[in-house]
Amino acid sequence: MTVVGLAADVLWERPRPLVSVHEARVDINTADAAQLCLLPEVGPSVAQRIIDSRAAQGPFARVADLRRVKGIGPATLAAVEPHAVCSVSAP
């Protein structure tokens, strides 16, 4: 009888929200290629171009600056923006 009572309590427990991979925010100035690939519409080649752009032109000032990366147009940027952040370290 006790086991049934515990099982009933578990069934009525309020469900906890699950955090999906795309709810995590990726810092585009510090993320490695694997982390950048967690962003929607970003695969290994675009991730590498983001890293190369950071190395050549410095950190991104805002997420919208991803447009300077070949392969990131308005649609990709719109998909990425809700899931990305942009930290800028002091010079």
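A short reminder: the numbers here are calculations on the coordinates, not readings from a lab. Computed from a prediction, not measured in an experiment: that's the story for all the values here. Positions of Cβ are backbone-derived with ideal geometry, glycine not excepted, and every protein chain shown enters the neighbour counts.
Label positions at residue 81 and residue 41, each projected 7 Å from the Cα along the C-beta direction, are separated by 1.0 nm. Amide H contacts of residue 84: 26, each under 5 Å away and 5 or more positions distant or on a separate chain (H built 1.01 Å from N in the peptide plane; Pro and chain starts excluded). Taking 0.36 nm per residue of separation and subtracting the Cα-Cα distance, full extension of the segment from residue 56 to residue 33 would add 6.7 nm.
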